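The values are calculated or read from the model by the stated rules, or taken from the named source; none is laboratory data. Small disclaimer: the values here were computed from a predicted structure and weren't measured. Cβ coordinates were reconstructed from backbone atoms using ideal geometry, including for glycine residues, and neighbour counts include every protein chain displayed.
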Amino acid sequence: MRLYLVRHGRTAWNIAGRAQGHTDIPLDEIGLEQRDLLAQSFKTIKLDRIYSSDLMRAKQTAEALVDATGAPLEVYRDLRERGFGEWEGQSFTDLQDWIVQEAARLGISKIAVRPPGGESYVDLWARTSGLLQSILDSDEDAAIVSHGGTCSILLAQLIRGTPESARSFRLKNTSVFELERREDGYFSITRFNDTSHLDEAVLNR
């Protein structure tokens, strides 16, 4: 079994450093170019299925992979980014400062801090784990198109880590992690945060 974890293309809020969460932001001009280049790189890859978050930026990215591979698409709310609640649209710098303060005030880990009306990383782990298990049970070669935080959580689950492990990963827009399941059931990462499909013109704009 091979899995490809893919982060969506760029949005205006990515460039502005704003927390998107469940806010339904589309790809910007560069994001659309990134998506098209990503799709070109998948034309020689055989996929049995493509899974996507239901948010526009992920679906726009996933639909290009459908066109490139012919694989069927399944869309799930559980693949959304972590919800930031009242803090959506705020700068990540401000958000991280608030999380540090809340963790200290409550005496808990930063990954357990839940923004008002939002989710913690622990919540995100719980939300995605059931769907990921069903994907693994299918034993199909598949691409999962999602978001930076969500892909990090999925990676941590696939390597049998913890929610804390997810903080080690930083995914670029349209980056690809390729994983292969071994005979012992563990996954090996065979491609790590790969954006080699993006040409210099797009990277430098």
Checklist outcome for this item: Selection from segment 21-59 of residues farther than 15 Å from Lys172 by Cα and crowded, with 21+ Cβ neighbours inside 10 Å yields Gly21, Phe42, Ile50, Tyr51, Ser52, Ser53, Leu55
Item to check | Qualifying residue in segment 99-107 (condition: closer than 20 Å to Ala126 by Cβ, surrounded by fewer than 19 Cβ atoms within 10 Å (Cβ to Cβ), of a type in the set (Gly, Ala, Ser) and free of Cβ contacts under 8 Å to residues at least 12 places away in the same chain) | outcome: yes
Checklist entry - Does Leu73 satisfy the criteria of being of a type in the set (A, V, I, L, M), within 13 Å of Gly149 (Cα to Cα), touching a Leu at 6+ places or on another chain (Cβ under 9 Å) and surrounded by 14 or more Cβ atoms within 10 Å (Cβ to Cβ)? => result no
Checklist entry - Name the residues in segment 7-50 that are on the phi > 0 side of the Ramachandran plot and out of contact with any helix residue (DSSP H, G or I) (no Cβ under 6 Å at 6 or more places or on another chain), would you? => result Gly21
Checklist entry - Exactly one of (1) part of a helix (DSSP H, G or I); (2) over 20 Å from the mean Cα position of the chain (by Cα); (3) touching a residue at least 24 places away in the same chain (Cβ under 8 Å) is unmet by Ile111. Its number? => result (2)
Item to check | Pair list, Cβ < 6 Å and 6+ apart or interchain, from segment 114-134 residues that are more than 14 Å from Tyr76 (Cβ to Cβ) to residues that are acidic (Asp, Glu) and not in a loop (DSSP other than H, G, I, E, B) | outcome: Pro116/Glu86; Gly117/Glu86
Checklist entry - Scanning segment 14-31 for residues that are closer than 20 Å to Leu198 by Cα and among the hydrophobic types (A, V, I, L, M, F, W, C), which turns out modelled with the highest pLDDT? => result Leu27
Checklist outcome for this item: The condition of being of a type outside the set (S, T, N, Q) and touching an Asp or Glu at 6+ places or on another chain (Cβ under 9 Å) holds, among Asp141, Asp123, only for Asp141
Next on the checklist: I want to confirm something. Restricting to segment 88-98 and keeping residues that are surrounded by 13 or more Cβ atoms within 10 Å (Cβ to Cβ), not in a loop (DSSP other than H, G, I, E, B) and not hydrophobic (A, V, I, L, M, F, W, C), which single residue is modelled with the highest pLDDT?
Outcome noted: Ser91
